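J.: Input: one structure, supplied below.
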Amino acid sequence: MPELKRGRMGDEESSILGSMDNFLKGSLGYRNKLVDKMGFVKELSERRLKVPKELEKLDLTLDAQFRLAAIICEKDERVYQFFGTRDDKNQAWVDTILSGHVFGPT
């Protein structure tokens, strides 16, 4: 049986391989961004679930806890701000929210 020799790749094949390589690299980048976004959403969701429990630690009426949970969980940056505020400052922060000085009238 004669031995088969591998020929040189033509311009067309080289172009196709280059395109596939670019496509795969782009897909990997897109997948990584998607995974990062999913992780962000999961983390944010877990933090939102913790807001009511954290509000129970403060000197608030039940009505105030419900209003604050709705206000804080309404926007992502508020959730991060709430958990980024030191524990000893949280009471002042929520009092300011309830007074309408931060996010408007409650």
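The values are calculated or read from the model by the stated rules, or taken from the named source; none is laboratory data. On a predicted model such as this, the values are computed, not experimentally measured, just so you know. Cβ atoms come from the backbone with ideal geometry, glycine included; neighbour counts cover every protein chain shown. Each accessible area value is taken on the protein alone, full model and side chains, heavy atoms only, with ligands, DNA and RNA left out. Shrake-Rupley method; radii C 1.70, N 1.55, O 1.52, S 1.80 Å.
J.: Only one residue in Gly29, Gly18 is under 20 Å from the mean Cα position of the chain (by Cα), in a helix (DSSP H, G or I) and either exposed (fewer than 14 other Cβ atoms within 10 Å of the Cβ) or not polar (S, T, N, Q) (or both), so which one is that?
T.: Gly29
J.: Given the structure, is Phe82 part of a helix (DSSP H, G or I) and exposed (fewer than 14 other Cβ atoms within 10 Å of the Cβ)?
T.: So Phe82 does not fit the description; no.
J.: Is it fair to say Thr85 is of a type in the set (Val, Ile, Thr) and over 19 Å from the mean Cα position of the chain (by Cα)?
T.: For Thr85, the condition - of a type in the set (Val, Ile, Thr) and over 19 Å from the mean Cα position of the chain (by Cα) - is not met.
J.: Let me ask another. Can you tell me which residues in region 36-71 are among the basic types (Lys, Arg) and over 22 Å from Lys89 (Cα atoms)?
T.: Lys37, Lys42
J.: Of all residues being touching a helix residue (DSSP H, G or I) at 6+ places or on another chain (Cβ under 6 Å) and either under 13 Å from Phe103 (Cα atoms) or not in a helix (DSSP H, G or I) (or both) in region 37-68, which is most open to solvent (accessible area, probe 1.4 Å)? Just the residue, please.
T.: Leu58
J.: So which residues in region 94-106 are in a helix (DSSP H, G or I) and open to solvent by 30 Å² or more (accessible area, probe 1.4 Å)?
T.: Asp95, Thr96, Leu98
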